[in-house]
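Q: For reference, the structure I am asking about is given below.
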Amino acid sequence: MAAEPLLRALMRMRTLILDPDVLVRAVASGRQKGQHPRWKRVELRYVDLKAGRHLQVTAYDETQAHTSNYALGEVGQPSPAREAVDDLLDEPFAHWHVETTTEQHQVRVTKKLEAMVHTTARAEEVEVERGHDRDKSRMLAEDDPVLISLGISTAEGRVKPSRQAKYRQVEEFLRLLDASLTEARSKGHLRKPTEADPLRVVDLGCGNAYLTFAAQRYLTHVRGLPVHVTGVDVKQQSAEHNSRVASELGIDASFVVGSIAEATLPEPPDVVLALHACDTATDEALARAVQWQASLVLAAPCCHHDVAAQLRRTPTPAPYAMLTRHGILRERFADTLTDALRASILRLHGYRVDVVEFVESEHTPRNTLLRAVRTGAVVKGGGVRKEYDDLVSTWGIRPRLAELLD
């Protein structure tokens, strides 16, 4: 995969994006070095409205999505859709992912402002959903068999009113997973899976495996990737239930009974998920991911009791007494401190880490997600190490993740 002029690559993508008969979806994300696009992420697809086919653009800022529909225009006449696409191609995005009915294209912009383009053919041509009722750019349709089987949607294919929060959680998780995989693949930090050696995904503390099944369904049926998922949970009942659901749906998944710290897998995973594991169980999941040298880690912590308890036992350094004097402030500070230290430790072990917002679940009001991509650049000293040492020394604490990886 050799570099080519950026403009030439983008013009190829422009041709595909502007073809309403072949485009399935296009996604722009990331930012070029030293540049800041107007949006964090943009998704494009075509929808059929009463007024005819339009290009739908969903742009995401820090807090919400903004959806607009653009008419295609007549031949030889001004086209709002073409103008919208040209404006987006001018934005300094670092990545473009363009899916057509027969191919998938990944474009990564290098530091030299050249393009690295990777194209794969689909195993079979896909049909494009143009319905306007997908105007929220859903990752999995409401009538997807997985959602129906898991009880999120009714047999008629509509999300149950009581399961709207769970559906939003699934959607936001898949959006983050999709963007993270695209970025990791484009930068060469995640291997290309094959039918003989599929992408290995493990969900540590999977419970009833809502997100495990959703991830497998999305990656295989939407992204077209060969994937095998493994769920790990301490409950035998969960493993039996999940195995039965996987068999009924024909999903390539297996379930292991055991703790996060001791579960045995036949092969190290490429992607590790740990969503809402309580307290130090998140640290155990992160430690396993580092030991496995997993390429991508997505962890949404739940409670943070360990550091909070250490703060109660340790004198607060001056002049920060007000941060720990009141219980509710001490708990919130412990949340922030815990995740900051986790991110720092992962950086020291060769991961690039982002801390992003994750939609609230019905189980916890906490909505922070740690997203880590393994670069292999282990930090042995320097500013990152000094910042970490100074922070734990100042507060007199010992993070559980540091103990597990020592």
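Q: Tell me, in nm to one decimal, what length is gained between ASN367 and THR194 on full extension, where the rule is 0.36 nm per residue of separation less the Cα-Cα distance? Mind showing how you got there, number by number?
A: Working: separation 173, 0.36 × 173 = 62.28 nm, distance 3.36 nm.
58.9 nm is the gain from fully extending ASN367 to THR194.
Q: Sticking with this one: Counting DSSP beta bridges in the chain, what percent are antiparallel, to the nearest 5?
A: Given both bridge residues lie in the chain, the antiparallel proportion sits at roughly 75 percent.
Q: A further question on this structure: Using θ = phi - 60° and the Karplus form 6.51 cos²θ - 1.76 cosθ + 1.60, what ³J(HN,Hα) does each residue of the range 371-380 get, whole Hz, x for Gly and Pro?
A: 10, 10, 10, 6, 9, x, 8, 5, 9, 9
Q: Probe of 1.4 angstrom, ligands and nucleic acids ignored: what's the accessible area per residue over the chain, in square angstrom? Could you put the intermediate results ahead of the total?
A: Working: 19380 Å² over 406 residues.
With the other protein chains kept in place, the chain gives 48 Å² per residue.
Q: Restricting to DSSP H runs of at least four residues, report the calculated mean residue ellipticity at 222 nm for the chain, -39500 (n - 2.57) per run over all residues, nearest 500 deg cm²/dmol. Intermediate results must be reported in sequence, preceding the final value.
A: Numbers: 12 runs with 142 residues, N = 406.
Taking each H run of at least 4 residues, the total per residue is -11000 deg cm²/dmol.
Q: Starting from the Cα-Cα distance between HIS305 and ASP406, subtract it from 0.36 nm times their residue separation and give me the gain in nm to one decimal. Write down the numbers at each step before the final one.
A: Values: separation 101, 0.36 × 101 = 36.36 nm, distance 2.09 nm.
So the extension gain works out to 34.3 nm.
Q: Starting from the range 54-111, pick out the GluC sites (Glu not before Pro) whose DSSP state is loop and whose Cβ has at most 14 other Cβ atoms within 10 Å.
A: Values: sites: GLU62, GLU74, GLU83, GLU99, GLU103; in loops: GLU62, GLU74.
Sparse-neighbourhood loop GluC sites (Glu not before Pro): GLU62, GLU74.
Q: Can I ask one more? Suppose the chain between VAL353 and ARG332 were pulled fully straight at 0.36 nm per residue; how much longer would it get relative to their current alpha carbon spacing? Walk me through the intermediate numbers first.
A: Working: separation 21, 0.36 × 21 = 7.56 nm, distance 2.11 nm.
Here the answer is 5.5 nm.
Q: Can I ask one more? Report the one residue of ALA214, TYR388, ALA274 whose Cα lies farthest in the direction of the positive end of the charge dipole of the chain (charges on C-beta: Lys and Arg +1, Asp and Glu -1; origin at the Cα centre).
A: The one lying farthest along the dipole's positive direction is TYR388.
Q: Sticking with this structure for a sec: Leaving out ligands, DNA and RNA, what percent of the accessible area of the chain is carbon and sulfur, probe 1.4 Å?
A: Details: 9500 of 19380 Å².
Carbon and sulfur together cover 49 percent of it.
Q: Longer than 27 Å from Cα to Cα, which of LYS33/LYS166; LYS187/LYS380; LYS33/LYS192 are they? Say none if no pair is.
A: On the way: LYS33/LYS166 36 Å; LYS187/LYS380 23 Å; LYS33/LYS192 25 Å.
LYS33/LYS166, as the Cα separations exceed 27 Å there.
Q: Bin by bin, in steps of 5 Å, what percent of the Cα pairs in the range 233-336 do you find, going until the bin that has the longest distance?
A: Answer for the range 233-336: a P(r) of 2, 11, 15, 17, 15, 12, 9, 8, 5, 3, 2, 0 percent.
Q: Can you work out D for the chain in µm² s⁻¹ from Stokes-Einstein, where Rh is the Kirkwood radius over C-alpha pairs, the temperature is 25 °C and the viscosity is 0.890 mPa s? Can you show the working numbers first?
A: Details: Rh = 22.8 Å.
In µm²/s, the coefficient rounds to 108.
Q: Oh, and also: Quick one: check the C-alpha center-to-center distance for the range 322-344 versus the range 256-293, whole angstrom.
A: The range 322-344 and the range 256-293 have Cα centres spaced 24 Å from each other.
Q: If you filter the range 151-182 for GluC sites (Glu not before Pro), then keep DSSP loop positions with at most 11 other Cβ within 10 Å, what is left? The partial results should precede the final answer.
A: Values: sites: GLU156, GLU171, GLU172; in loops: GLU156.
When the GluC sites (Glu not before Pro) of the range 151-182 are filtered for loop state and at most 11 Cβ neighbours within 10 Å, GLU156 remain.
Q: Follow-up question, since we're still on this one. Please give the net charge around ALA402, taking every other residue with its beta carbon less than 10 angstrom from that of ALA402, where Lys and Arg add +1 and Asp and Glu add -1. All intermediate terms of the calculation are to be shown ahead of the outcome.
A: Values: positive: ARG342, ARG398, ARG400; negative: ASP283, GLU403, ASP406.
Within the 10 Å Cβ shell, the charges total 0.
Q: Need the C-alpha centroid separation for the range 1-62 versus the range 162-208, integer Å.
A: About 21 Å separates the Cα centre of the range 1-62 from the one of the range 162-208.
Q: Which order do the peptides 139-145, 343-349 take when ranked by the mean count of other beta-carbon atoms within 10 Å per residue, highest first? Present the calculation step by step, with values, prior to reporting the outcome.
A: Values: 139-145: 18.1, 343-349: 21.0.
By packing density, highest mean first, the sequence is 343-349, 139-145.
Q: Order these peptides, 188-195, 86-93, by their mean beta-carbon neighbour count within 10 angstrom, highest first. Please list the in-between numbers first.
A: Values: 188-195: 13.6, 86-93: 15.8.
Packing proxy ranking, top to bottom: 86-93, 188-195.
Q: Packing-wise, with mean Cβ within 10 Å as the measure, how do 22-35, 273-286, 320-333 rank, highest first?
A: Values: 22-35: 17.8, 273-286: 23.9, 320-333: 13.3.
Result, highest mean Cβ count within 10 Å first: 273-286, 22-35, 320-333.
The values are calculated or read from the model by the stated rules, or taken from the named source; none is laboratory data. Because the structure is a prediction, the values reported are computed rather than measured. Here Cβ is always computed from backbone atoms with ideal geometry, including for glycine, and neighbour counts include all displayed protein chains. These accessible areas exclude ligands, DNA and RNA; they are computed on the full protein's heavy atoms, side chains included. Shrake-Rupley method; radii C 1.70, N 1.55, O 1.52, S 1.80 Å.
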